[in-house]
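The values are calculated or read from the model by the stated rules, or taken from the named source; none is laboratory data. This one's a predicted model, so the numbers in the text were calculated from it and none came from an experiment. Don't worry about glycine lacking a Cβ; one is built from the backbone with ideal geometry, like all the others, and counts go over all protein chains shown. What goes into the accessible areas is simple: the full protein's heavy atoms, side chains included, and nothing from ligands, DNA or RNA. Shrake-Rupley method; radii C 1.70, N 1.55, O 1.52, S 1.80 Å.
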Amino acid sequence: GESLWQEDYDAALKQAVAENKHVLVDFSGSDWCGWCIKLDKEVFSQPEFKEYAQDNLILLLLDFPNSKSQSAELKAKNKQLAEKYGIQGFPTVLILNPQGEAVKRTGYQQGGPTAYVDMIKGAIAAE
């Protein structure tokens, strides 16, 4: 199936405004960072997360891979965004409101998709 994950920050934010949705941003080292891979396997690839995300979120992957190829443009943009949001390590997961403000900053959490979705819902509701 088609991936729900976008890689273009500007397009994702534009869509968030148009659909009045929050953006889940995954700052990831998808092919080398163990906790990123674990988070992807335990949460993001699970049907329960996907179903919730499809209706309620815009998903944005800002990837910092070691061997996966990326355009120079995308690399530069991702680096710029990591600086903008003060990213210290991977994975860092941000919930952004449609204006691009981080309402929640988290990362890998145990407990699978149910707990993760509940945490996201809580962050959005608390805003």
remark   = Checking ALA76, ALA102, ALA53 against a Gaussian network model of the chain (alpha-carbon springs below 10 Å), the top fluctuating residue turns out to be ALA76
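Counting only DSSP beta bridges with both residues in the chain, tell me the antiparallel percent, nearest 5.
On the way: 9 of 18 bridges.
In the chain, DSSP labels about 50 percent of beta bridges as antiparallel.
Once neighbouring chains are kept in place and the probe is 1.4 Å, which whole percent of the accessible area of the range 20-91 is contributed by carbon and sulfur?
Values: 1900 of 3890 Å².
Solvent-exposed carbon and sulfur of the range 20-91 make up 49 percent of the total.
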ask   = Peptides 3-11, 21-29, 55-63: what's the order by average Cβ count within 10 Å, highest mean first?
value = 21-29, 55-63, 3-11
query = Straight-line reach from LYS79: which lysines have a Cα under 17 Å away, not including same-chain ones fewer than 8 places off?
reply = LYS68
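Please give the contour-minus-distance gain from GLU48 to LYS79: 0.36 nm per residue of separation, less the Cα-Cα distance, rounded to one decimal in nm. Walk me through the intermediate numbers first.
On the way: separation 31, 0.36 × 31 = 11.16 nm, distance 3.06 nm.
Length gained between GLU48 and LYS79: 8.1 nm.
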query = What percent do you get for the relative contact order of the chain when only Cα pairs under 8 Å and 6+ apart count?
reply = 34
